[in-house]
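The values are calculated or read from the model by the stated rules, or taken from the named source; none is laboratory data. Keep in mind that what you see is a predicted model, and the values were worked out from it rather than measured. With ideal geometry, Cβ positions are generated from the backbone for all residues, glycine too; neighbour counts draw on all protein chains shown.
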Amino acid sequence: MKRIYNFSSGPAALPEQVLRRAQEAIWDLDGSGIGILEHSHRGKEFGRVLARTERLIREVGGVGDDFAVMFVTAGATHHFAMVPENFLGPDTTADYVHTGVWSGKARDEAARYGRVHTAGTGEPAFTRVPTTLEWSATPAYCNETIYGTQFSAPPTGAPAPLVCDASSDIFSRPLALAGHGLIYAGAQKNLGPSGISLVIARKDFLERGRRDLPPLAQYRTYANEQSMHNTPNTFGVYVIGEVLQWIADQGGLVELERRNQAKAALLYAYLDQSTAFRPHAATDSRSMMNVTFRAATPALEAALLAEAEARGLSGLKGHRSVGGMRASIYNAFPEAGVKALVEVLDHVEHGRTSK
Ligand SMILES: *Cc1c(COP(=O)(O)O)cnc(C)c1O
């Protein structure tokens with residue numbers, strides 16, 4: 001059966017090794033005679049899966065004992081509210097770095113629980129991540145999947161622990177945990193299936209959270225009970241473990257960053273010299289994971305999307321809120337697929353379509 005190049009922004013392409021192993025594990029997990037979807041979360045087999053996934057996250061990411069590793073059965077959007085619900089009171093202020101659609105949604109949720117202050121904004125076009133920041137209190141920031149921007153390094157100068165929505169780029173390069181209180185990421189971009197998120201948080205930061213919320217609304221419950229207060233997304237935890245094993249097999253995060261830079265550079269190099277297509281993000285803010293670009297005319301955009309589809313390149317249409325095109329080229333996306341896209345762009349620009 002033929003698989004095609006999947007540029008989807010999420011759920012997104014996963015490594016072939018992971019899909020093959022998951023196929024087997026659905027039938028029979030590690031010779032137990034029971035598949036991963038059917039094992040009790042309290043049994044020793046799943047206990048091993050959970051421990052292995054956490055160990056690999058710590059090893060691959062260099063996550064020390066001062067941080068808790070948690071799996072929350074929800075997407076990244078859940079944390080837009082859960083973070084301020086835990087850490088923001090009516091008389092406190094949270095700083096948000098406004099990088100686009102996701103940070104805007106996160107900031108709106110925070111306003112339900114306390115005061116919000118915009119420390120910096122990429123408005124109106126969100127072509128670059130804000131760098132001149134005016135902090136007031138507890139900061140949060142975000143790498144923007146939709147506009148295709150990325151912080152080359154975490155923002156500096158914050159007076160309080162940083163909170164990061166790392167959904168679009170977690171484990172695409174070495175983790176920069178210093179200065180962070182909490183990082184969350186929906187799994188469906190770089191880690192595994194949808195409906196589960198990874199949270200890495202400083203244990204002392206978690207202690208500042210409210211204690212009068214329902215247990216599943218408090219981060220500390222996940223930290224104190226190894227994400228097992230209730231039935232976790234067992235399959236999600238399994239797949240994340242396989243993805244982390246794949247990352248380790250590839251040579252770890254330094255090697256993945258090298259590959260991701262090389263893949264993104266191929267595409268940006270084409271876009272930079274093209275007269276028909278132009279990249280959206282400013283050079284200093286470009287994402288390695290989500291390359292956003294526009295065609296000079298709507299006709300050219302339609303021609304590109306049709307030609308791409310005809311050649312088995314799927315998922316290039318940009319987010320409905322922004323338009324244009326977006327090529328999501330996460331960790332698992334192969335360099336050959338990026339080369340195929342450059343070829344299609346070149347053919348469309350120079351009028352050599354397959355029709
Ligand atoms: C995809 C994405 C989200 C939304 O994730 P859900 O799992 O749909 O809640 C939030 N933030 C960022 C940065 C994303 O890329």
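Taking the condition of a type in the set (Ser, Thr, Tyr) and either within 16 Å of the ligand (Cβ to nearest atom) or closer than 30 Å to Val348 by Cβ (or both), does Ser227 pass? In short, no. Out of everything in the stretch 71-104 that is part of a loop (DSSP other than H, G, I, E, B) and among the polar types (S, T, N, Q), what residue ends up being farthest from the ligand (Cβ to nearest atom)? The selected residue is Thr92. The set of residues from the stretch 210-240 being surrounded by 22 or more Cβ atoms within 10 Å (Cβ to Cβ) and outside any helix (DSSP H, G or I) comprises Ser227, Asn233. Cβ-Cβ distances below 8 Å connect the following pairs, each with a first residue in the stretch 208-237 that is more than 23 Å from Ala160 (Cβ to Cβ), a second residue that is charged (D, E, K, R) and in a loop (DSSP other than H, G, I, E, B), and a separation of six or more residues or different chains: Met228/Arg42.
Restricting the stretch 169-186 to residues that are assigned to a loop (DSSP other than H, G, I, E, B) and touching a strand residue (DSSP E or B) at 6+ places or on another chain (Cβ under 6 Å) leaves a set whose member that is farthest from Leu88 (Cα to Cα) is Ile170.
Phe71 passes every criterion in (1) of a type outside the set (A, V, I, L, M); (2) in contact with a helix residue (DSSP H, G or I) (Cβ under 7 Å, 6 or more places away or on another chain); (3) farther than 24 Å from Ile26 by Cβ apart from (3). Filtering the stretch 179-190 to residues that are at negative phi, more than 11 Å from the ligand (Cβ to nearest atom) and in contact (Cβ under 8 Å) with a residue 24 or more places away in the chain leaves His180, Gly181, Leu182. Scan the stretch 313-339 for residues that are more than 20 Å from Asn143 (Cα to Cα), out of contact with any strand residue (DSSP E or B) (no Cβ under 6 Å at 6 or more places or on another chain) and not β-branched (Val, Ile, Thr) and the total you get is 4.
Against the definition (surrounded by 24 or more Cβ atoms within 10 Å (Cβ to Cβ) and outside any strand (DSSP E or B)), how does Phe151 come out, yes or no? Spelling it out, it is not the case that Phe151 is surrounded by 24 or more Cβ atoms within 10 Å (Cβ to Cβ) and outside any strand (DSSP E or B). Out of curiosity, is Arg320 at pLDDT below 95, surrounded by fewer than 21 Cβ atoms within 10 Å (Cβ to Cβ) and basic (Lys, Arg)? Yes, satisfied. Residue-level check: of (1) buried (at least 21 other Cβ atoms within 10 Å of the Cβ); (2) of a type in the set (A, V, I, L, M, F, W, C); (3) assigned to a loop (DSSP other than H, G, I, E, B), Val243 misses just (3).
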